[in-house]
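The structure under discussion appears below in the form of structure tokens.
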């Protein structure tokens with residue numbers, strides 16, 4: 001038997017439906033607000049306390065000097081101190097590990113160097129994955145290496161060096177800051193590109209390697225233009241060429257290795273800033289904006305150039321693509337040389 005139609009029942013059902021819809025709508029709106037408000041708060045209030053800038057190398061070196069230069073100006077723009085923290089060891093890996101495992105809030109940053117691209121291939125058991133555990137902020141600068149010989153060497157130019165290496169394999173030696181260091185791998189890339197071989201003499205650091213080249217114990221070294229120019233200016237070494245595709249603006253009289261006769265050689269050292277993966281997008285945008293403005297400040301740019309570094313200032317995405325390409329480039333070199341560190 002059909003029940004009589006009830007206006008009261010119909011009204012109750014409609015009211016229940018409306019209340020359900022309204023509660024779902026309010027819940028969704030509240031959820032959206034809860035996700036939006038923190039992002040806006042980060043953008044408006046970040047940073048509200050000092051920022052820690054980790055450098056994976058000891059004080060006084062090229063990475064440390066550049067980090068303190070950039071950090072001081074960045075702190076002014078952020079309105080909070082940027083405190084450089086030297087966490088050295090294992091070719092920069094200890095400092096990188098510290099940042100990779102830090103809270104992803106934008107208050108712990110890494111001042112990375114080319115070692116960050118080389119180390120994943122050198123150390124097979126890293127405690128972090130830089131591509132997954134770090135978020136790129138901006139490429140700060142690039143800097144060429146220079147190939148040089150002792151000032152008293154009979155080698156006058158790059159063609160002399162290549163000729164001797166071709167005619168007398170094993171006669172020439174080159175010094176480096178150690179197995180897997182930038183000075184080692186830049187030289188190995190050069191030897192591969194030029195099609196010649198030399199014997200490698202590794203040292204424990206760039207300073208002792210340069211000391212023995214200046215003294216004439218080892219004839220050749222490949223090292224950063226930042227630390228090498230003073231030796232060239234004082235007449236202790238002779239620079240044969242720069243590693244970059246274009247001449248260095250700080251010493252435009254030095255030819256590139258391509259110009260000097262080794263076609264296809266192009267490699268640069270670099271500095272970049274990274275944050276822990278998962279850092280809020282708003283904080284990353286703020287850091288990128290202020291860091292790029294810092295790098296392009298005339299005073300900072302000029303000081304970087306005096307160190308031999310060419311200021312860049314990139315988007316986070318550009319640094320991400322560049323960094324990945326650098327890992328691939330140096331992986332091939334490390335594999336060809338057969339270097340592996342524990």
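From the set of residues in segment 221-243 that are surrounded by fewer than 23 Cβ atoms within 10 Å (Cβ to Cβ) and touching a strand residue (DSSP E or B) at 6+ places or on another chain (Cβ under 9 Å), which is modelled with the lowest pLDDT?
The qualifying residue modelled with the lowest pLDDT is 229.
With respect to residue 60, determine if the residue is in the same structural domain as residue 91 (by TED's automatic domain parsing) and either modelled with pLDDT under 85 or out of contact with any strand residue (DSSP E or B) (no Cβ under 6 Å at 6 or more places or on another chain) (or both).
yes
I'm told residue 196 meets every condition in (1) surrounded by fewer than 23 Cβ atoms within 10 Å (Cβ to Cβ); (2) out of contact with any strand residue (DSSP E or B) (no Cβ under 8 Å at 6 or more places or on another chain); (3) in contact (Cβ under 8 Å) with a residue 60 or more places away in the chain except one. Can you identify the failing condition by its number?
(3)
Kindly establish whether residue 193 is in contact with a helix residue (DSSP H, G or I) (Cβ under 9 Å, 6 or more places away or on another chain) and part of a helix (DSSP H, G or I).
yes
Across segment 101-123, which residue is surrounded by the most Cβ atoms within 10 Å (Cβ to Cβ) among those that are more than 18 Å from residue 271 (Cβ to Cβ) and modelled with pLDDT of 95 or more?
Result: 106.
Is segment 230-240 home to any residue that is part of a loop (DSSP other than H, G, I, E, B), touching a helix residue (DSSP H, G or I) at 6+ places or on another chain (Cβ under 7 Å) and in the same structural domain as residue 101 (by TED's automatic domain parsing)? Quick ask: steps written out before the conclusion?
Taking segment 230-240 as the starting set, the residues that turn out to be part of a loop (DSSP other than H, G, I, E, B) are 234-236.
Adding the requirement that they be touching a helix residue (DSSP H, G or I) at 6+ places or on another chain (Cβ under 7 Å) leaves 236.
Checking the rest, the ones that are also in the same structural domain as residue 101 (by TED's automatic domain parsing) come to none.
No: segment 230-240 contains no residue that is part of a loop (DSSP other than H, G, I, E, B), touching a helix residue (DSSP H, G or I) at 6+ places or on another chain (Cβ under 7 Å) and in the same structural domain as residue 101 (by TED's automatic domain parsing).
Sort through 275, 281 and tell me the only one that's at pLDDT 95 or above, more than 27 Å from residue 179 (Cα to Cα) and crowded, with 20+ Cβ neighbours inside 10 Å.
The unique qualifying residue is 275.
Which members of segment 88-103 meet the condition of being within 16 Å of the chain's Cα centre (by Cα) and not in a helix (DSSP H, G or I)?
88 - this is the single residue of segment 88-103 that is within 16 Å of the chain's Cα centre (by Cα) and not in a helix (DSSP H, G or I).
Every residue, every condition in (1) under 30 Å from residue 96 (Cβ atoms); (2) within 23 Å of the chain's Cα centre (by Cα); (3) touching a residue at least 12 places away in the same chain (Cβ under 8 Å); (4) part of a loop (DSSP other than H, G, I, E, B), yes or no:
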{"position": "207", "(1), (2), (3), (4)": "yes, yes, no, no"}
{"position": "211", "(1), (2), (3), (4)": "yes, no, no, no"}
{"position": "228", "(1), (2), (3), (4)": "yes, yes, yes, no"}
{"position": "254", "(1), (2), (3), (4)": "no, no, yes, yes"}
{"position": "266", "(1), (2), (3), (4)": "yes, yes, yes, yes"}
{"position": "272", "(1), (2), (3), (4)": "yes, yes, yes, no"}
{"position": "285", "(1), (2), (3), (4)": "yes, yes, yes, no"}
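I'm trying to understand the selection: among the residues of segment 42-68, which are crowded, with 20+ Cβ neighbours inside 10 Å and in a helix (DSSP H, G or I)?
Selection gives 42, 62, 63, 66, 67.
When you go through (1) modelled with pLDDT under 95; (2) over 30 Å from residue 301 (Cβ atoms); (3) crowded, with 21+ Cβ neighbours inside 10 Å one by one for residue 144, which number turns out not to apply?
For residue 144, the exception is condition (2).
In this structure, does residue 74 turn out to be under 13 Å from the mean Cα position of the chain (by Cα), outside the structural domain of residue 209 (by TED's automatic domain parsing) and part of a helix (DSSP H, G or I)? It would help to see each step written out before you state the result.
Values: under 13 Å from the mean Cα position of the chain (by Cα): no; outside the structural domain of residue 209 (by TED's automatic domain parsing): yes; part of a helix (DSSP H, G or I): yes.
No, not satisfied.
Could you check, for segment 155-172, whether at least one of its residues is within 20 Å of residue 185 (Cα to Cα), buried (at least 17 other Cβ atoms within 10 Å of the Cβ) and free of Cβ contacts under 8 Å to residues at least 40 places away in the same chain?
Yes, segment 155-172 contains at least one residue that is within 20 Å of residue 185 (Cα to Cα), buried (at least 17 other Cβ atoms within 10 Å of the Cβ) and free of Cβ contacts under 8 Å to residues at least 40 places away in the same chain.
Tell me which residues, restricted to segment 292-337, are without any contact (Cβ under 8 Å) to a residue 60 or more places away in the chain and either assigned by TED's automatic domain parsing to the domain that holds residue 226 or closer than 20 Å to residue 75 by Cβ (or both).
Passing the criteria: 296, 298, 301, 302.
The values are calculated or read from the model by the stated rules, or taken from the named source; none is laboratory data. Small disclaimer: the values here were computed from a predicted structure and weren't measured. Cβ coordinates were reconstructed from backbone atoms using ideal geometry, including for glycine residues, and neighbour counts include every protein chain displayed.
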